[in-house]
Every structure is written in C-alpha cells, then in structure tokens.
Amino acid sequence: MKVLITAGPTREYLDDVRYLSNASSGRMGFALAEAVLAAGHQVVLALGPVALTPPAGCEVHAVETTDELLRTCGKLFPQCDGVIATAAVCDYRPKSRFQGKLAKKGVSLELELVETADVLADLGRHKGSRWIVGFALESDEFAHVNALRKLKEKNCDAIVLNRPTAIGAETNRIEIIDPAGQSVETFAGTKREVAGQLWGWIEQNLAR
C-alpha cells in the first residue's frame, strides 16, 4: 500500500522575507510515516518547512505555500491508496504580496487577508475509491461539531480531532470521529505512541 501523508506548516508571504505561518513541527506526520513504514507500506510525504529530518524511507516532496501543497497533492494522490492529512495549512494569505522587503514608514499598515485553497476538500472531491483521514484542530466547546462538519464537507472517511496544545509538542491526545458522528477511539501519549495506535485503527477499519 502507498500512503500520502501531509505534514508541517505552510507559509503565506507578505513580502519577500515576511510570512504568515504557524508553529507546527511536523512531528505527528513524521510519527505516522514511521508507523506506516514499520507496517511494511510505502509513504509519500508532502512536507512543509520544518526543522526536523523526515524519517528514512519516505519519498519526500517539499512544499512551502498552500498552493504548492495543493498542486503537489494533486499530482501524488492518484498514485496512492489513501491520505492522512496532518499538515497545519494556513487558512488565510495576504491578498497582495509586496515585492522586496516592506520598510517602516511611521504609519499603520492595513493587511487584507483572503482564504487559501482548501487542500483537503480538493482531495475529497477526487478521492474515488481511496480513503481520506483528515485532522481538525479545534479549540472551543463546539470542537466535536466543527470536526464532524469538516469531515462531511471534505468527504473524509474519518476525522482526527486534536487541540492547539498539540502544536509543536512531544505528546498528543486525539479523538477519532466517524461519518456517523461517533467518537470511535481516543488515544493519548507521545506522538509516536498515538501515531502507532492511529495507524492500527486506519489499517483495520479503512485500509483493508
């Protein structure tokens, strides 16, 4: 089996040196890649800019912006059996990118943001017989509802709900939600432990 995994953050540039991004380390995606490789499968990694070294044995495709991730996944997904979308994709980008480096002018700068491409929804539209597991990072009391809505809108087979405390951390606590809206599993521990349990669930329930 060949599995596409997206990992790390994306960046959206304001000018040639400044950008919007987040603190995603890529650890969860890397841990899942290790679990999939250990189970004897192939991993194709669409990887945003991170400081860590990807696991040995992955086919790595480096990306930076959300549009680059969209194009890369569009090329890679048809060759794969499924995707685990752990990447922390920027939801917004500056409407206009300034050339060079913006200099201070002693006045306020108004920044207009527009939505980025929806990579997971695009994968969902082209899934065919492949399976899709998305990640939903939610912070409020409607986290479960928001995650389920994302599952349905993106045409996922399952959604992994986690919290902002997971970003950049060594540990994680996740909840797997199925299309019926049921919380079918909860895993907690180091990201490597959680990844092993999550891949075991995926292999048993989706990737047969």
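Coordinate-derived values only; no laboratory data. Since the model is a prediction, treat every value here as computed from it, not as a measurement. Methodologically, a virtual Cβ is constructed for each residue, glycine included, from the backbone with ideal geometry; neighbour enumeration extends over all protein chains shown.
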Original post:
Which residues does a label at residue 138 reach in segment 160-193, if reach means a backbone N under 12 Å from a point 7 Å past the Cα toward the Cβ?
Top reply: 160-163, 175-178, 181-183
Original post:
Computed from these coordinates, which is Cα Rg over 2.2 N^0.38 Å: (1) 1.23; (2) 1.03; (3) 0.97?
Top reply: (2)
**OP:** Using Cα centres only, tell me the gap between segment 22-43 and segment 176-207 in whole Å.
**Re:** 14
Original post:
Counting other Cβ atoms within 10 Å, which GluC sites (Glu not before Pro) in segment 84-130 have at most 10 and lie in a DSSP loop?
Top reply: 110, 112
Original post:
So, in nm, how far is label residue 81 from label residue 152 when the simple model puts each one 7 Å beyond its Cα toward the Cβ?
Top reply: 3.0
Subject >> Normalised contact order of segment 105-197, rounded percent, pairs of Cα under 8 Å and 6 or more residues apart >> reply: 20
Original post:
When only Cα pairs under 8 Å and 6 or more residues apart are kept, what is the percent relative contact order across segment 1-59?
Top reply: 43
Original post:
Among the aspartates and glutamates, which have Cα under 14 Å from the Cα of residue 191 when same-chain residues fewer than 8 positions away are ignored?
Top reply: 34, 170, 175
Subject >> Cβ-based charge dipole, the chain, positive-most Cα from 142, 106, 171 >> reply: 106
Original post:
Where in segment 70-109 are there trypsin sites (Lys or Arg not before Pro) that are in a DSSP coil and have at most 10 other Cβ atoms within 10 angstrom of their Cβ?
Top reply: 95, 101, 104, 105
**OP:** Output the relative contact order of the chain, whole-number percent, from Cα pairs under 8 angstrom with separation of 6+ residues.
**Re:** 21
**OP:** Would you list, by chain and number, the aspartates and glutamates whose Cα falls below 17 Å from the Cα of residue 101, excluding same-chain residues fewer than 8 positions away?
**Re:** 12, 15, 16, 110
Subject >> Nearest-20 debye value, segment 80-208 charge dipole, Cβ charges on Lys, Arg, Asp, Glu >> reply: 600
Original post:
What are the aspartates and glutamates whose alpha-carbon lies under 12 Å from the alpha-carbon of residue 152, with same-chain residues fewer than 8 places away excluded?
Top reply: 178
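A 21 angstrom limit on the alpha carbon distance is what I want to check against. Which of 127/150; 127/154; 95/150; 2/127 exceed it? Please report the intermediate quantities before stating the final value.
Values: 127/150 16 Å; 127/154 10 Å; 95/150 25 Å; 2/127 14 Å.
The pairs that break the limit, which is 21 Å between Cα atoms, are 95/150.
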Original post:
Using modelled backbone amide H atoms (1.01 Å from N, in-plane), which distant-in-sequence or interchain residues come within less than 5 Å of residue 158's amide H?
Top reply: 132, 134
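Using the count of nearby Cβ atoms within 10 Å as a rough guide to exposure, how do 89, 145 rank from fewest to most? It would help to have the intermediate numbers written out before the result.
Numbers: 89 23, 145 12.
The most exposed by this proxy come first: 145, 89.
Full-extension gain between residue 105 and residue 38, please, as 0.36 nm times their residue separation minus the C-alpha to C-alpha distance. It would help to have the intermediate numbers written out before the result.
Values: separation 67, 0.36 × 67 = 24.12 nm, distance 5.46 nm.
Length gained, residue 105 through residue 38: 18.7 nm.
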Original post:
In nm, what is the difference between 0.36 nm times the number of residues separating residue 118 and residue 98 and their Cα-Cα distance?
Top reply: 4.9 nm
